[in-house]
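Computed from the coordinates by the stated procedures, all read-outs in this text should not be read as laboratory data. In this text the structure is predicted, and so the values were computed from the model without any measurement. Neighbour counts are summed over all protein chains in view; Cβ atoms, including those assigned to glycine, are modelled from backbone coordinates with ideal geometry.
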Amino acid sequence: MGSMTSPAPRTDAPTGTPDAPEARASARDLVKVYGSGTTAVRALDGVDVDFARGRLTAIMGPSGSGKSTLMHCLAGLDSPTSGSVVIDGQEISRLSQRRLTALRRTRVGFVFQAYNLVPTLTAAENITLPLDIARAPVDRAWFDEVVDSVGLRDRLHHRPSELSGGQQQRVACARALVSRPSIVFADEPTGNLDSRSAGEVLAFLRRSVDELGQTVVMVTHDPRAASYAHRVVFLADGRLAGELHDPTQQDILDALALAADDDGQPAGSAAPGPAAPDVPAAPVGRHAAPVDPA
Ligand SMILES: Nc1ncnc2c1ncn2[C@@H]1O[C@H](COP(=O)(O)OP(=O)(O)OP(=O)(O)O)[C@@H](O)[C@H]1O
Ligand SMILES: [Mg+2]
């Protein structure tokens, strides 16, 4: 049974030294504003969060709450307006463009909702592509371990068009893991999959953490997907709004229902002040629709 807690109190840790020593990624007072003037959107409004090594964390929240923006800033794919991001002990805003690119290629894995495989390459070639681009050697023993874990041994020479959606997404997961990154970010990795394929991908992501020692952060709208995580973090209006540890699917459904009842304030909210009145939160409850129990 999970227990709901408010976000950890704000700590003013000096940038570059995340206060949790085992954190693989940390954000401190992270702010991202898109646009300017009257059309400015504050997509992230002061987020403090740590992602611990060897854990699968799910990020949930209404559409537009800043989940993708948070992942992109953490992964160095987008730059925050202010605040700090530390990956693997490195403050990424201080890195040169060249070193940031190198960090993204070798220390960070990313899985997208739309797989993003190269159609003309085989599964094996897609998996090693980031290392090939970086001209980094492929650790064959690790490659074999990842391929076996993801269950793709007999599909390695197929092209994406010859694979099912679930198999393609497992190729994308293997590609994210092949460099032994410090952390893998997955943005709605099961958003395009039927429930059986989603189950395969989620089981693999969890196994990559439990058996291969990886660290994974995954955005999802699906309470069943989130129930694979060690921890679920809720975002609302660009702020952290609560978290659950080792939740069941029912715990997550309850938290989402409570958040919907609570007028857009997710349960466990630290009540960080009124939401911007002109940006109403989407009803969280729409994600609490009955889920296929398969
Ligand atoms: N490039 C951009 N330019 C302007 N506004 C943006 C941009 N990207 C995101 N936003 C805005 O920032 C806010 C947060 O967007 P984000 O994509 O992070 O939400 P999300 O939680 O991932 O939503 P969803 O569940 O729909 O994917 C939204 O209001 C969105 O319209
Ligand atoms: Mg998104």
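Overview of values
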| read-out | value |
| --- | --- |
| Helices (runs of 4 or more DSSP H) contained entirely in the stretch 87-177, each with at least 3 residues that are over 27 Å from Cys73 (Cβ atoms) and under 23 Å from the mean Cα position of the chain (by Cα) | 140-150, 165-177 |
| The stretch 184-207: number of residues that are buried (at least 24 other Cβ atoms within 10 Å of the Cβ) and touching a Leu at 6+ places or on another chain (Cβ under 8 Å) | 7 |
| Residue among Ser68, Ser84 that is at negative phi, assigned to a helix (DSSP H, G or I) and under 19 Å from the mean Cα position of the chain (by Cα) | Ser68 |
| Exclusive hit being within 17 Å of Val31 (Cβ to Cβ), without any contact (Cβ under 8 Å) to a residue 60 or more places away in the chain and out of contact with any Gly (no Cβ under 6 Å at 6 or more places or on another chain), set Ser93, Ser68, Ser84 | Ser93 |
| Within the stretch 33-56, tally of residues that are part of a strand (DSSP E or B) and in contact with a helix residue (DSSP H, G or I) (Cβ under 9 Å, 6 or more places away or on another chain) | 7 |
| Qualifying positions in the stretch 218-264 - acidic (Asp, Glu), free of Cβ contacts under 8 Å to residues at least 40 places away in the same chain and assigned to a helix (DSSP H, G or I) | Asp254, Asp261 |
| Pair list, Cβ under 8 Å, 6 or more apart: the stretch 171-193 residue over 24 Å from Ala27 (Cβ atoms), other residue of a type in the set (Phe, Trp, Tyr) | Val171/Tyr115; Ala172/Phe112; Ala172/Tyr115; Val178/Trp142; Val178/Phe143; Asn192/Tyr115 |
| Some residue of the stretch 198-205 being more than 13 Å from ligand 1 (Cβ to nearest atom) and closer than 13 Å to Ile59 by Cα | no |
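Rundown of residues vs (1) away from ligand 1 (no atom under 16 Å from the Cβ); (2) of a type in the set (Lys, Arg), yes/no style:
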| residue | (1), (2) |
| --- | --- |
| Asp78 | no, no |
| Ser84 | yes, no |
| Leu100 | yes, no |
| Arg105 | yes, yes |
| Phe110 | no, no |
| Tyr115 | yes, no |
| Pro119 | yes, no |
